[in-house]
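Written below as structure tokens is the structure these notes are about.
The values are calculated or read from the model by the stated rules, or taken from the named source; none is laboratory data. All values reported here derive from a predicted model rather than from experimental measurement. No Cβ is skipped: glycine too gets one built from the backbone with ideal geometry, and neighbour counts run over all protein chains shown.
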Amino acid sequence: MIIAEGGRLPSRKRQTRGVSRLSCTIVVSGELGESFDGVFADLALSPETGTTRISGAVTDHAELEGVVRQLFDLGLEILSISTHPGEIPHG
């Protein structure tokens, strides 16, 4: 018998063999506080003056789209999005 449990699997377990992760950096208007840590997949938050940088690696474009949808649902203004296959941004 198989019992399904809800929730998101850690990204490293969902990665398709042979497909490199996608590095992304998203900049939103406003300074997000500590209450947002861990909310956007495994991405790191770096508050700056008037903006917040959200960066790290996602499994694929579908996971990136999920993060973007979360930002829209929270009413946050996205100032920029950049992606780079295989590169991992720092902070």
Exercise for the section: Among the residues of region 29-64, write down those that are among the charged types (D, E, K, R) and under 9 Å from the mean Cα position of the chain (by Cα). Expected result: D42, E63
Exercise for the section: Please work out which residue is nearest to S82 (Cα to Cα), limiting yourself to region 31-44 and to residues that are among the small types (G, A, S) and either loosely packed, with under 14 Cβ neighbours inside 10 Å or in contact with a Pro (Cβ under 9 Å, 6 or more places away or on another chain) (or both). Expected result: A44
Fill in the blank from the handout: The condition of being out of contact with any Asp or Glu (no Cβ under 6 Å at 6 or more places or on another chain) and part of a loop (DSSP other than H, G, I, E, B) holds, among L32, L71, only for L32
Exercise for the section: Taking only region 31-44 into account, find how many residues are in contact with a Ser or Thr (Cβ under 7 Å, 6 or more places away or on another chain) and either among the charged types (D, E, K, R) or modelled with pLDDT of 95 or more (or both). Expected result: 2
Practice task
Filter region 52-68 down to the residues that are among the small types (G, A, S) and in a helix (DSSP H, G or I), then identify the one that is farthest from S23 (Cα to Cα).
Solution key: G66
